[in-house]
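The values are calculated or read from the model by the stated rules, or taken from the named source; none is laboratory data. Bear in mind that the values here come from a model prediction, so they are computed numbers and not experimental data. No Cβ is skipped: glycine too gets one built from the backbone with ideal geometry, and neighbour counts run over all protein chains shown.
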Amino acid sequence: MSTEDGEDPPVAAPEPSDRVSDPSDAFQALGNEVRMGILETMLEWTDGPGPEASERDGESYRSNPSFSMLFEASDVETSAGFAYHLDELVGPYLRKVNDESSADADSGADGYELTYAGEQIARAIATGTYTQRVDHPPVPLEDDCPFCEHDALTAQASDNRVTVACGHCERCLLRLDLPPAGLESHGESFPAAFDRYHRHRLSLVRDGVCPACSGEVDARLVRPSPATDDLLPAEHATHLQAEFTCSCCGTTLRSPVALSLLSHPAVVSFYYEHGQAVSERPLWNVGHEWAEMVLSEDPLAVRVVVELEDDVLALYVDERLNVVETQRASVSETTEGDESAESDGVAETTETTEAGETVGTHETDDTAETTAQ
Ligand SMILES: [Zn+2]
Ligand SMILES: [Zn+2]
């Protein structure tokens, strides 16, 4: 199939993205109270009639409010003045639509709806992402410190950033963001929400999708970066990390290798067979039963081993974080002098258990998650 001028259109290639406005124009359009109010009103309409529906002069509910509905909801005195502000939003944040439920449907574009960007901005503003700074005093956590085993872990928030630390050994286990709405709506139980939030983010990147922009994610095994070393306990200086980087927005997330494997079916079933739900392990205490051993430096490859009640599961992980092989064995088999590869693995596991005790807890600090500017 050819176009009129004879050029063949690309076949099966994604449509080039359509840039509807310059970033500076798009953000400038937001710099006004009236326009912010319009976005807020649009979000209320988008989300349904809501509790204020009866105040709308008995008009039947429609998801695409008309010019006059939006004008009435504003404080602007003249419709000409309001039209100017509304027009500034049309394009990046609003689009005109024909509401078929309207009596004058044939009059052309008679209603408005939020664009993708408009809804994102309106929700971010509504939940305080850009405006709220939330602090929360320390909340004691149920789990013991994985380093010193004292019952002294707390989580606290400062400026939307949560820190999990031990009051006894004074180690910082984690420091990661939680959006303002998460801190405010969950109250005292925000640590549980914080855990779920980041577990799911990790699960998303593990599946190759960026939690910030949905772009493609690159996964690899890495040595801890120098910046991370500073904040890691000395005993973790040699532990490898799983690193996930978005090729679109640059968001980078690092975690202990073991933590990145918790959703693997072999791990889930191994814990399940021992009466444990691994998904309920909090991010700051994946458990002292994990150990790891570097098998190859170039390319990097690691064997990660978990031991429960004398049973052992070993996962062989390549440089792209693929689990290339799993092995199961019981510790008792090794004591019988079995010379199989499995028993060899188990023997080494035992040797490295001490060094690996705190695997799963060293996702610390700012470098655990950074967004490139
Ligand atoms: Zn401690
Ligand atoms: Zn991204």
key: Considering residues of the range 165-196 that are closer than 24 Å to THR245 by Cα and touching a Pro at 6+ places or on another chain (Cβ under 8 Å) only, the residue nearest to ligand 2 (Cβ to nearest atom)   = ASP195
query = Which number in (1) assigned by TED's automatic domain parsing to the domain that holds THR41; (2) surrounded by fewer than 16 Cβ atoms within 10 Å (Cβ to Cβ); (3) outside any helix (DSSP H, G or I) marks the one condition that TYR84 misses?
reply = (3)
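Take the residues in the range 246-285 that are within 24 Å of VAL164 (Cα to Cα) and of a type in the set (Ser, Thr, Tyr), then tell me which one is nearest to ligand 2 (Cβ to nearest atom).
Going residue by residue through the range 246-285, those that are within 24 Å of VAL164 (Cα to Cα) are 251-263, 276-285.
After this cut, where a residue has to be of a type in the set (Ser, Thr, Tyr) as well, the list is 251-252, 255, 260, 263, 279.
Details: THR251: 5, THR252: 10, SER255: 17, SER260: 18, SER263: 20, SER279: 25 Å.
That would be THR251.
State all residues of the range 181-198 that are farther than 14 Å from LEU283 by Cα and buried (at least 19 other Cβ atoms within 10 Å of the Cβ); if no residue qualifies, say none. Steps first, please.
The initial filter retains those residues of the range 181-198 that are farther than 14 Å from LEU283 by Cα, namely 181-189.
Correct list: GLY182, LEU183.
Anything in the range 120-138 that is part of a loop (DSSP other than H, G, I, E, B), surrounded by 13 or more Cβ atoms within 10 Å (Cβ to Cβ) and of a type outside the set (Gly, Ala, Ser)? List them, or say none. Spell out the reasoning first.
Of the range 120-138, the ones part of a loop (DSSP other than H, G, I, E, B) are 127-135.
From what's left, surrounded by 13 or more Cβ atoms within 10 Å (Cβ to Cβ): 127-129, 132, 134.
Matches in the range 120-138: THR127, THR129, GLN132, VAL134.
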task = Working only within the range 179-228, note down all residues that are in contact with a helix residue (DSSP H, G or I) (Cβ under 6 Å, 6 or more places away or on another chain), among the aliphatic types (A, V, I, L, M) and within 22 Å of CYS248 (Cα to Cα).
result = VAL217
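Could you run through the range 225-239 and say how many residues are outside any loop (DSSP other than H, G, I, E, B) and at pLDDT 60 or above? Before the answer, list the steps.
Initially, the range 225-239 is screened for residues outside any loop (DSSP other than H, G, I, E, B), giving 226-231, 234-236.
Imposing the further condition that a residue be at pLDDT 60 or above reduces the set to 226.
Qualifying residue count for the region: 1.
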